[in-house]
Amino acid sequence: MSTVVDTVKTLVDPILEANHFELSDIEFVKEGGSWYLRVYIDKPGGITLNECVAVSESLSEQLDAMDPDPIPQAYFLEVSSPGAERPLKSEQDFENAIGEYIHISLFQKLEGKKVFEGTLKALTATELTLTLKDKARRFDQVFDRASIANARLAIEF
């Protein structure tokens, strides 16, 4: 699977750079008997449907022109925005999320909880600080980054 992802990344990076778009993620997964190649792209201010279509068409042409075919099985190509609750995976994702409301899940419970939501206040190589709220009280909580199982943007209600 990673060879497919690596190949697609090599092909899509120049397309995105030429259009000033960012690569959020690539996944090649089998769901319900069908294979899906998903490319998530973004840009400041958000990506449009027409921009997704243009990237999809360019990438599809490049994949079709490769010999031998890097993806011999049938698959569906999907190019889309990572969405409002996009996962935070890369260092750049975390840096871009400073000041944003995020959701984190921990590997082990901290004070009886594994899930926290708050505003990402600060970030270092080993820690991140969230401003949490408990009823009317706001406070900062520092988390060891190695203890975080996953993180994503969240919508604050």
Pair GLU156, GLU78: separation of 7 Å Cα→Cβ label points (nm): 3.0
Charge dipole of the chain about the Cα centre (unit charges at C-beta), most positive-ward option of GLY32, ASN96, PRO14: ASN96
Cα long-axis angle, helix 49-65 against the chain (0 to 90 degrees, to the nearest 10): 50
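Over the chain, what number does the Rg to Rh ratio reach, with both radii from the alpha-carbon atoms and Rh per Kirkwood? Don't skip to the answer; put the middle values down first.
On the way: Rg = 18.4 Å, Rh = 17.5 Å.
With Rg and the Kirkwood Rh in hand, the quotient comes to 1.05.
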Efficiency of FRET from Cβ geometry, GLN92 and PHE139, R₀ 41 Å, rounded to 0.05: 0.90
Two-decimal ratio, the stretch 33-115, of alpha-carbon radius of gyration to 2.2 N^0.38 Å: 1.48
With DNA, RNA and ligands ignored, accessible area of SER34 (1.4 Å probe; Å², nearest 10): 40
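Would you mind giving the average projected area, over all directions, of the Cα convex hull of the stretch 1-73 in nm² with one decimal?
5.1
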Rounded tilt (10° steps) of 2-19 against the dominant C-alpha axis of the chain: 90
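The values are calculated or read from the model by the stated rules, or taken from the named source; none is laboratory data. Small disclaimer: the values here were computed from a predicted structure and weren't measured. Here the Cβ is made from the backbone with ideal geometry for all residues, glycine too, and neighbour counts use every protein chain on show. Accessible surface areas use protein heavy atoms only, side chains included; no ligands, DNA or RNA. Shrake-Rupley method; radii C 1.70, N 1.55, O 1.52, S 1.80 Å.
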